[in-house]
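Trainee: Mind having a look at this structure? Questions to follow.
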There are 2 protein chains.
Amino acid sequence: MQFYVDGFRGGDPDIRNAAPCRRNRGHHAPLPEKVDVLIAGCGPAGLCLAAQLSQFPEIETMIVERKPGPIEKGQADGINTRTMEMFQAFGFGEQVKREGYWVNQTTFWSPDPKNPERIQRIGRVQDVPEDSSEMPHTLINQARVHELFLDVMRNSPSRLEPDYSWSVRDVSIDNSTDDYPVTVTLENTGINAGETKTVQANYVVGCDGARSNVRTAIGGQLHGDAAHQAWGVMDILANTDFPDVRQKCLVASSSEGNILILPREGGYLFRMYVELDKLNPDERVSSRNFTEADMIAAANRIMKPYTIDVKQVVWWSIYEIGHRLTDRFDDVPAGEDRNPRVFTAGDACHTHSPKAGQGMNVSMQDTFNLGWKLVHVLQGRSDASLLRSYSAERWAEAKRLIDKDHEWSRIMSAPPGKSELDGGHMPRFQKQFIENLEFTGGLAVKYGPSALTAASSHQALATGEEIGRRFHSAPVVRVADAMRMQLGHVAEADSRWRIYAFTGAKDGSAPGSAIHRLADWLETDPSSPVVKYTRQGEDIDAVIDLRAVFQQHFDELAYEDMPSLLKPSKGRLGLQDHEKVFCVDHKGLGDIYDMRGIDREHGCMIVVRPDQYVANVLPLDAFTELSEFFAVFLVPAG
Amino acid sequence: MQFYVDGFRGGDPDIRNAAPCRRNRGHHAPLPEKVDVLIAGCGPAGLCLAAQLSQFPEIETMIVERKPGPIEKGQADGINTRTMEMFQAFGFGEQVKREGYWVNQTTFWSPDPKNPERIQRIGRVQDVPEDSSEMPHTLINQARVHELFLDVMRNSPSRLEPDYSWSVRDVSIDNSTDDYPVTVTLENTGINAGETKTVQANYVVGCDGARSNVRTAIGGQLHGDAAHQAWGVMDILANTDFPDVRQKCLVASSSEGNILILPREGGYLFRMYVELDKLNPDERVSSRNFTEADMIAAANRIMKPYTIDVKQVVWWSIYEIGHRLTDRFDDVPAGEDRNPRVFTAGDACHTHSPKAGQGMNVSMQDTFNLGWKLVHVLQGRSDASLLRSYSAERWAEAKRLIDKDHEWSRIMSAPPGKSELDGGHMPRFQKQFIENLEFTGGLAVKYGPSALTAASSHQALATGEEIGRRFHSAPVVRVADAMRMQLGHVAEADSRWRIYAFTGAKDGSAPGSAIHRLADWLETDPSSPVVKYTRQGEDIDAVIDLRAVFQQHFDELAYEDMPSLLKPSKGRLGLQDHEKVFCVDHKGLGDIYDMRGIDREHGCMIVVRPDQYVANVLPLDAFTELSEFFAVFLVPAG
Ligand SMILES: Cc1cc2nc3c(=O)[nH]c(=O)nc-3n(C[C@H](O)[C@H](O)[C@H](O)COP(=O)(O)OP(=O)(O)OC[C@H]3O[C@@H](n4cnc5c(N)ncnc54)[C@H](O)[C@@H]3O)c2cc1C
Ligand SMILES: Cc1cc2nc3c(=O)[nH]c(=O)nc-3n(C[C@H](O)[C@H](O)[C@H](O)COP(=O)(O)OP(=O)(O)OC[C@H]3O[C@@H](n4cnc5c(N)ncnc54)[C@H](O)[C@@H]3O)c2cc1C
């Protein structure tokens, strides 16, 4: 964690210095008339976007929420490993690791063949496969996740806060202008209920959930299941003689239905999902008068011979959801050739069954994809056409997810067949579960070849860092202070690109080595992307952040010989940054070259997008290819 | 981290529910007339004590500070591994790990024999030896440590805050009464400067630094060096071509003196200590007119051929300190037989050279020793004679430390001799440094046999957990949720005793096993300390917290068969606690039985004090000895 680059300041280093230009949030200050980005909705999608934009006080961001304040409990609770990696970039990964429940094992229970009235444990699976991620799979109250994002916003230079009690009623776009072309009509839902107000925006992002007004305004429609599924869900404080209550469990009874148990933060709380009957297209579950008492009774029937003695129902809901998807995630109809102005993200454009625990995760990944693109365009670093890639990339992912969701639901909701009751082979849903772990971890996402993710012509140089997939972290040692750490954790949610240069076998720190040639070219050559895209007065790593990884032990390297781009002077005081040079962790958790299939002989460069996806893998001397890669979507600094 | 045991509540789980009985801290609320404990001084010693006491809202604690508010920078910065272990118990160990600088390596620089005008690196030492502690040695601004303790206080049930701008002028004790016998005269140093106020207290703790008024009031005097040492110290933001600027360095020049470099939090800041001449007994360094510019110039002379280009001096000071010690740390004169009422801690009773980085650490360890004893006595769990052990235990440690300090200073301040310039053998100060690592880590502390630390008759059952030394953590897996973690991290700064029961080779979870016999006896036998000392209505682990460690893999154990004391019902709702049962971490960092020399055949119990020191090692069936151990200092519940 780096701070004090612009001079010392006491206190919590997560609180960044406030920008003088930030919006006046005094009690009677009016709403702004014009903003760069208006975000509708303070769910995971909206907050994840706002937290990114809030780091850039020159971008005027407004986030409105229909409710009068933040939620306290309920809704989703699963944070997959991919999302935890992203939380790390926002600075609160450690906090969730400390507070949250870690899903280490998942266990499977089925009817005992000798006595089908009773369930028995039939299997146990390690939930996060070895080295699939350096982060755990956790469970924590969605409201707490909101709060952690709100903290990031509050601590940011723009001190961003949501405008509560304002609902987006309508959105219209004037495609004839580039000057705040989107008009947003807000309606007060609080003390001045009904009052309306219009705000002009350059971009609008609808993170307003499954009943999104923004989606409707741009003519989007959710397509999907005819029949939707209803789930009874309750977060409870309860005692039980069921021995696996502190493990994630999938429980199938012979005739009473299925239950999913999710232990939660704090050591006592847990969640139970009880699968209810399918609903007809027009039916609402409320018509069935299902209550919390029914749910507790059902749970006790399913869990026999075990009993659950509920002491407090913290939250419960009947959660009805279909697997649905819109045709596009922006306002540009198919066939029309213009840049988008309005986007939808999260539940506003795709909804999921809670069973695979994806809803909240995918929503945040949507806006983690969109955030840096908006920043690039609003800072003038990229042409607005960059924004077209958002819908393209995320729609394909959402589609894949919905298809998986369907498959999963089909397999899971069929009653356990006779075949799986003999312990001889792995039961169907355990097998399915294991096969899906990479997918449910959020680690299977792969963006296809495009301007932002190269065709994989040099993939062989880093077989474990697949182009289009997220950069897979591994342990390294930081040379300047011999710090053992995760290489991936140098990436912050700061919209910067990263180049990890892995040196070849004989490449040391001596001048003339391949790493010197690369760093020196990047620092000085007119065709270098660092030279071309970094503006006067900016830190040399403001757009592209070079890091090097050596194969030697840290004390075999001469730090004094490192190229100057790897210890650049930064900030107001021009202070040297000593955190750019790494080496293999010889005595630690593994060798990053082996773990990620990096070519030891030649080394390579891995270009990583601001959202942590691998954009390109190149030889260390592929200067031209590197120039060309960035030239497609970055605009030279004036 | 456990929470929600009394029911769900949203928000940051570190913020505990406020106690209704807490002091009114409104703007015009008067100071209290009577308090249980009055702490003088908001340095590390005072805050570490206040943070402990604040967890017990029934104990009225007041902490006064002469200054108008918290410090922002300067003073000490070294947090040794032992203190980090203690921070973990306070809940902010992870935060310091994230924010602070980690001292991984220490390097040594000496004059180049071929060119003594130039320094060269002569050695490098891993700063924290393997498995000496699970925590790192860190460096962080003392003000930030204060803030983290202040957060603990603010988030506690009593919402404790310091009373700033009040100085303790005098303390007097009426030994004829037990009813608030100490009268404290406070003097306002703020807006009403000079105004005085008296407060009656049951106990007073002088954490008021080297010029302590409390010490003076109880007739204490610091004895020690005739000549004191002066150090120039500066925290700077600076650039340098010195390659080890991000490592802790001891630099000795041939004729310009010595420097100690300490990299600091945030990646840019570092500290330099420049050793100045010895002062005469009555001399103050101010008489020598030494300035920050002199210090920078001296540093540049010492560091040749390297240069230091200072961009910002964040803080600097000439820090004069002798190695000094009082005769006792409480108000009871030698030979007098009564219980103490007034204590001193930290710099108020012993002062150290900054070179070994002990001042702040030892000060906090003093009050970590005193805190739980005050809680026990004020809660009526122990007789007041328990408080005599504070001075006895901590004085011996302070004495040992001062002796070491002397030895270290002698070795370090002698100019480098010819002998150590040939690289053939390890230089004198590197050798000395390595030999002292356990000591400087704060890990060599050992309390002698007493009522609180048994004679070591069963030490052979756990050779790596020496009685009188701190409980040395090791990795385990929590059975209920397969969580890999450090066993030592179950201990919180909550004044509770812990018994870690390590099972023997054949001992499983089946009823009738040794662990069942122990747990059942502890839960039900009239002579069991759990039965004797736990009060009606309290959680069964309120005084003594039993945890078990098994040798099997977590999935070979039947959690349902565990004795009820290992899954007790707790809190307002009577919820089961599932975090008491552990097993060996087979695929992790090591086997705790091997790492700590636990007898595999027979197992054992390790009794650990609230301040994390090993109090006793006993066979699993030593019921009588266990009873007798606690009977010496605990009072049966009414
Ligand atoms: C009641 C409920 C229960 C759920 N239970 C589960 C569960 O058990 N398991 C699970 O996995 N997932 C559950 N979910 C889904 C999960 O919470 C979502 O997948 C996830 O929150 C999606 O994030 P989002 O940001 O896209 O949308 P949301 O979290 O739905 O956030 C949308 C936000 O926009 C606000 N909003 C709506 N319209 C407007 C408007 N016009 N103007 C301004 N603000 C507006 C809403 O108040 C809301 O705060 C539940 C959702 C709800 C609503
Ligand atoms: C200026 C300064 C520089 C230092 N520099 C270093 C260094 O470079 N390296 C190093 O290792 N250590 C240094 N130290 C020492 C280190 O800070 C101490 O060892 C450590 O803080 C001891 O903690 P303490 O709580 O015992 O005392 P202190 O931290 O000294 O705290 C005592 C507190 O009590 C307050 N106080 C004093 N008298 C009264 C009174 N009558 N009533 C109420 N409050 C009172 C003081 O204002 C102070 O806040 C320095 C100390 C000082 C004061």
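The values are calculated or read from the model by the stated rules, or taken from the named source; none is laboratory data. On a predicted model such as this, the values are computed, not experimentally measured, just so you know. Don't worry about glycine lacking a Cβ; one is built from the backbone with ideal geometry, like all the others, and counts go over all protein chains shown. Just so you know, the surface numbers come from the protein's heavy atoms only, side chains and all, with ligands and any DNA or RNA stripped out. Shrake-Rupley method; radii C 1.70, N 1.55, O 1.52, S 1.80 Å.
Trainee: For the pairing of chain B with chain A, what total accessible surface becomes buried, with a 1.4 angstrom probe, in square angstrom to the nearest 100?
Mentor: 5600 Å²
Trainee: Another one. Quick one: which residues, 5 or more positions from A:Q576 or on another chain, have an amide H under 5 Å from its amide H? H modelled 1.01 Å from N in the peptide plane, none for Pro or chain starts.
Mentor: The list, which skips near neighbours in sequence, is A:K570.
Trainee: Let me ask you something else. Which of the three applies to the protein assembly as shown, rounded, prolate or oblate, going by the alpha-carbon gyration tensor with a ≥ b ≥ c and a/c under 1.5 meaning rounded?
Mentor: Details: a/c = 1.60, a/b = 1.19, b/c = 1.34.
Judged from the Cα gyration tensor, the protein assembly as shown comes out oblate (a/c at least 1.5, b/c at or above a/b).
Trainee: Another question about this same structure. Over what distance in Å are the Cα centres of region A:424-471 and region A:101-146 separated?
Mentor: Measuring centre to centre over Cα atoms gives 21 Å.
Trainee: What residue in chain A has the Cβ closest to the axis turning A into B, and how close is it in whole Å?
Mentor: Taking the axis that maps A onto B, the answer comes out as A:E94, 3.
Trainee: Just flag the GluC sites (Glu not before Pro) in region B:498-573 sitting in loop per DSSP whose Cβ has no more than 14 other Cβ atoms within 10 Å.
Mentor: Taking region B:498-573 and a limit of 14 other Cβ atoms within 10 Å, the loop GluC sites (Glu not before Pro) found are B:E538.
Trainee: Could you tell me the distance between the Cα centroids of region A:157-234 and region B:37-96, to the nearest Å?
Mentor: Result: 47 Å between the Cα centres.
Trainee: For chain B, with every protein chain kept in place, what is the accessible area per residue (1.4 Å probe, Å²)?
Mentor: Per-residue accessible area for chain B comes out at 36 Å².
Trainee: Pop out the carbon and sulfur fraction of the accessible area of chain B as a percent, whole number, probe 1.4 Å. It would help to have the intermediate numbers written out before the result.
Mentor: Numbers: 11330 of 23230 Å².
It is 49 percent, rounded to a whole number.
Trainee: Which loop trypsin sites (Lys or Arg not before Pro) in region B:520-606, with loop taken from DSSP, have no more than 15 other Cβ atoms within 10 angstrom of their Cβ?
Mentor: In loop regions of region B:520-606 (DSSP not H, G, I, E or B), the sparsely surrounded trypsin sites (Lys or Arg not before Pro) are B:R535, B:R572, B:K587, B:R600.
Trainee: Once amide H atoms are placed 1.01 Å from N in the peptide plane, what residues at a sequence separation of 5 or more from A:I39, or on another chain, have their amide H within under 5 Å of its amide H?
Mentor: Placed amide hydrogens put A:M62, A:I63, A:V64, A:V205 under 5 Å from A:I39.
Trainee: Using a ≥ b ≥ c from the Cα gyration tensor of region A:433-534 (square roots of the eigenvalues), is it rounded, prolate or oblate, where a/c under 1.5 gives rounded and otherwise the larger of a/b and b/c decides, a/b for prolate? Could you put the intermediate results ahead of the total?
Mentor: Working: a/c = 1.92, a/b = 1.45, b/c = 1.32.
Since a/c reaches 1.5 and a/b is larger than b/c, the shape of region A:433-534 is classed as prolate.
Trainee: Taking accessible area as the heavy-atom solvent-accessible surface of the protein chains with a 1.4 Å probe, which residues of region B:569-583 lose no less than 20 Å² upon going from the isolated chain to the full protein assembly?
Mentor: By number: B:L573, B:L575, B:Q576, B:H578, B:E579.
Trainee: Over the alpha-carbon set of region A:33-104, divide Rg by the Kirkwood Rh and report the Rg/Rh ratio to two decimals.
Mentor: Values: Rg = 14.4 Å, Rh = 14.1 Å.
Ratio of gyration radius to Kirkwood radius for region A:33-104: 1.02.
Trainee: Filter the trypsin sites (Lys or Arg not before Pro) in region B:109-175 down to the DSSP loop ones having no more than 10 other Cβ atoms within 10 Å, then list what survives.
Mentor: Filter output for region B:109-175: B:K114.
Trainee: May I ask for the distance between the Cα centers of region A:300-363 and region A:1-28, given as a whole number of Å?
Mentor: The distance from the Cα centre of region A:300-363 to that of region A:1-28 comes to 35 Å.
Trainee: Now for a separate question. Where a ≥ b ≥ c are the square roots of the eigenvalues of the C-alpha gyration tensor, would you call region A:459-632 rounded, which needs a/c under 1.5, or, failing that, prolate if a/b is larger than b/c, or oblate?
Mentor: The shape class here is rounded.
Trainee: Still on this model: Please name which of A:Q486, A:A460, A:S509 has its Cα lying farthest along the dipole of region A:459-632 towards the positive end, using unit charges on Cβ (Lys, Arg +1; Asp, Glu -1) and the Cα centre as origin.
Mentor: A:Q486
Trainee: Mind checking which aspartates and glutamates have their Cα closer than 14 Å to the Cα of A:K431? Skip sequence neighbours fewer than 8 apart in that chain.
Mentor: Of all the aspartates and glutamates, those that pass the test against A:K431 - Cα under 14 Å, at least 8 places apart if same chain - are A:D127, A:E407, A:E420.
Trainee: Moving to a separate point now. Suppose only helical runs count, i.e. DSSP H with n ≥ 4. What mean residue ellipticity at 222 nm does that imply for chain A under -39500 (n - 2.57) per run, divided by all residues and rounded to the nearest 500 deg cm²/dmol?
Mentor: On the way: 14 runs with 143 residues, N = 638.
Result for chain A, helices only: -6500 deg cm²/dmol.
Trainee: How far is A:D555 from the same spot in each other copy, in nm, shortest first, if each label point sits 7 Å from Cα toward Cβ?
Mentor: Ordered by distance, the counterparts are at 4.2 nm.
Trainee: Shortest first, in nm, what separates the label point of A:Q126 from those of the same position in the other copies (7 Å along Cα→Cβ)?
Mentor: 2.4
Trainee: Checking the table A:K355/A:K446; A:K248/A:K304; A:K97/B:K567; B:K399/B:K446; A:K73/A:K311; A:K73/B:K97 against a 20 Å threshold on Cα-Cα, which pairs fail?
Mentor: Distance filter (> 20 Å) returns A:K355/A:K446; A:K97/B:K567; A:K73/B:K97.
Trainee: Counting every Cα pair in region B:294-357, what percent are over 19 Å apart?
Mentor: Percentage above 19 Å: 60.
Trainee: Could you work out the relative contact order of chain B, using alpha carbon pairs under 8 angstrom and six or more residues apart, expressed as a whole percent? Display every interim value, and only then the final one.
Mentor: Working: 1387 pairs, mean separation 91.6, N = 638.
Result for chain B is 14 percent.
Trainee: Report the charge-dipole magnitude of the protein assembly as shown in Debye, nearest 20, computed about the Cα centre from +1 at each Lys and Arg Cβ and -1 at each Asp and Glu Cβ.
Mentor: Its charge dipole is roughly 540 debye.
Trainee: What accessible area, in Å² to the nearest ten, does a 1.4 Å probe give for B:V184?
Mentor: So the heavy atoms of B:V184 present about 0 Å² to solvent.
Trainee: Could you pull out every residue, at least 5 positions away or on a different chain, whose amide H is within less than 5 Å of the one on A:K67? Hs are placed 1.01 Å off N in the peptide plane, and Pro or chain starts have none.
Mentor: The answer is A:S165.
Trainee: Now for a different question. Hey, any idea what Rg/Rh is for chain B, computing Rh the Kirkwood way over Cα pairs?
Mentor: So for chain B, dividing Rg by the Kirkwood Rh gives 0.98.
Trainee: For region A:13-29, in order, what is each residue's ³J(HN,Hα) by Karplus, 6.51 cos²θ - 1.76 cosθ + 1.60 with θ = phi - 60°, in whole Hz (x at glycine and Pro)?
Mentor: Whole-Hz 3J(HN,Hα) from phi for region A:13-29: x, 6, 7, 7, 4, 6, 7, x, 7, 5, 5, 6, 10, x, 4, 9, 5.
Trainee: Would you list which lysines come within 23 Å of A:K67, measuring only between C-alpha atoms, while excluding same-chain residues fewer than 8 positions from it?
Mentor: Partners found: A:K34, A:K197.
Trainee: Please list, in order along region B:335-351, the HN-Hα scalar couplings obtained from phi with the Karplus expression 6.51 cos²θ - 1.76 cosθ + 1.60 (θ = phi - 60°), rounded to whole Hz, x for Gly and Pro.
Mentor: x, 7, 10, 8, 8, x, 10, 10, 10, 10, 8, x, 4, 5, 10, 7, 10
Trainee: Nearest 0.05, what FRET efficiency do A:Y164 and A:V635 give at R0 = 30 Å with Cβ-Cβ as r?
Mentor: Here the calculated transfer efficiency is 0.20.
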